[in-house]
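A short write-up of the structure that comes next.
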Amino acid sequence: MKKLILSAAIILGAMSVQATNTIDPVSLIQNLKVQDEFTEISTDSIPVAVKSTIVKSFPESKLEKAYKNEKNEYKLELVAKDDKKFTVFTDASGNVIKK
């Protein structure tokens, strides 16, 4: 009788190890969106260093809109000569930032 109880305990113990909760890999993936809050500013309030970077780096483009965040980074929406729109990020010194 002892062998029967001992074998039942071993079998139930082994089955409970197999019955652990499985983790759904989809639930582990989180969509993290990091975005600084940019507020729209007038194109006249952009620092001279940023304006000169635009003129030197993108000579045939036109500044359409400008945005600024709390870190003094600028998001600039430019329109190229062939009407293609693109966005450039710079710091207050005019250095282009990759985002």
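The values are calculated or read from the model by the stated rules, or taken from the named source; none is laboratory data. Keep in mind the model is a prediction, meaning the values are calculated, not measured. Using ideal geometry, Cβ is built from the backbone for each residue, glycine included, and neighbour counts are taken over all protein chains shown.
Would you check which residues across segment 57-99 are among the hydroxyl-bearing types (Ser, Thr, Tyr) and over 15 Å from Pro47 (Cα atoms) and list them?
Our first condition is that a residue be among the hydroxyl-bearing types (Ser, Thr, Tyr); within segment 57-99, this holds for 57, 61, 67, 74, 87, 90, 93.
Matches in segment 57-99: Ser57, Ser61, Thr87.
Could you list, in sequence order, all residues of segment 40-50 that are surrounded by fewer than 17 Cβ atoms within 10 Å (Cβ to Cβ) and within 11 Å of Thr90 (Cβ to Cβ)?
Of everything in segment 40-50, those that are surrounded by fewer than 17 Cβ atoms within 10 Å (Cβ to Cβ) and within 11 Å of Thr90 (Cβ to Cβ) turn out to be Pro47, Ala49.
Just to check your reading of the model, which residue among Glu64, Glu60, Glu37 is surrounded by 10 or more Cβ atoms within 10 Å (Cβ to Cβ) and either modelled with pLDDT of 70 or more or of a type outside the set (D, E, K, R) (or both)?
Among Glu64, Glu60, Glu37, only Glu64 is surrounded by 10 or more Cβ atoms within 10 Å (Cβ to Cβ) and either modelled with pLDDT of 70 or more or of a type outside the set (D, E, K, R) (or both).
Could you tell me whether Ala19 is modelled with pLDDT under 90 and either closer than 18 Å to Lys98 by Cα or over 18 Å from the mean Cα position of the chain (by Cα) (or both)? Before you say what the answer is, go through the steps one by one.
Numbers: modelled with pLDDT under 90: yes; either closer than 18 Å to Lys98 by Cα or over 18 Å from the mean Cα position of the chain (by Cα) (or both): yes.
Yes.
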